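Take a look at the structure below.
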Amino acid sequence: MLVVGPTANIEGTMWDDGHPFAFTILWSPIPVITWLFPFIGHMGIGTSEGIVCDFQGPYYVSDRGRSMAFGNPTRALKVDISSLDGGSELWDECIRQANAEYNTRIHNLFCDNCHSHVAYALNAMSLKAFGIQRWDMVKLCFLTFFKARFLSLRGFVA
């Protein structure tokens, strides 16, 4: 596996807290679509314990592991929660709320999708990070495209 960046390691510990995907916004490519439009991909969010949650399709949010709808995440953006009132408990509770809400929704590729699920969680916790206060799918798309660290390039071409 090709790994880029000094702390990016999908197999080992990526962050100081010991959970590879804790407090992260995660991204993976969607075959063919990402090849044509490199800024478009699939998105998820990591709980405080590194469990990946992603809205995978109509009425279904996966919250059981470290893989996403299109395989392992290939990019990750660590979120600093030090200024978040409620800390990791609030982070996890808002992800649970987003999961519960999106388990009742139809997936729509253009307006209510995996990016919207992550934005819902971040807005529920009133997170202010990366100069953003109100989260939406477009802001998340470009934030991950320009700021997220590559974990693996293998997933991009698979």
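Note on TRP91: accessible area is roughly 0 Å² with a 1.4 Å probe, heavy atoms of protein only.
As a calculated quantity, the FRET efficiency between ARG64 and ARG134 at R0 = 41 Å, using C-beta atoms, amounts to about 0.85. Here, region 82-138 is characterised by an Rg to Rh ratio of 0.99, where Rg is the alpha-carbon radius of gyration and Rh the Kirkwood radius. The order of ASP85, ASP63 by accessible area, most exposed first and with a 1.4 Å probe, is ASP85, ASP63.
Determine which residues of region 84-121 fall in the zone a paramagnetic label at CYS141 would reach in this model, i.e. backbone nitrogen under 15 Å from the point 7 Å along Cα→Cβ. Label zone hits: 108-119.
With viscosity set to 0.692 mPa s at 37 °C, what whole-number translational diffusion coefficient in µm²/s follows for region 23-89 from Stokes-Einstein and a Kirkwood radius over Cα pairs?
Answer from the Stokes-Einstein relation: 258 µm²/s.
So what's the projected area for region 13-139, the Cα convex hull averaged over all directions, in nm²? Each step should come with its number before you reach the end.
Working: hull surface 29.0 nm².
Taking a quarter of the hull surface, the average projection is 7.2 nm².
Note down the nm distance, to one decimal, between modelled labels 7 Å out along Cα→Cβ at ASN123 and at ASP85. Taking the simple label geometry, ASN123 and ASP85 are separated by 2.0 nm. Taking all protein chains as they are arranged and a probe of 1.4 Å, the heavy atoms of CYS111 leave approximately 90 Å² accessible to solvent. If R0 is 22 Å, the Cβ-Cβ spacing of ARG149 and GLU93 corresponds to a FRET efficiency of close to 0.25. If R0 is taken as 22 Å, the Cβ-Cβ distance between ILE40 and ASN103 corresponds to a FRET efficiency of 0.40.
The values are calculated or read from the model by the stated rules, or taken from the named source; none is laboratory data. Since the structure is predicted, the reported quantities are computational estimates derived from the model, not experimental observations. Methodologically, a virtual Cβ is constructed for each residue, glycine included, from the backbone with ideal geometry; neighbour enumeration extends over all protein chains shown. Heavy atoms of the whole protein, side chains included, go into the accessibility calculation; ligands, DNA and RNA do not. Shrake-Rupley method; radii C 1.70, N 1.55, O 1.52, S 1.80 Å.
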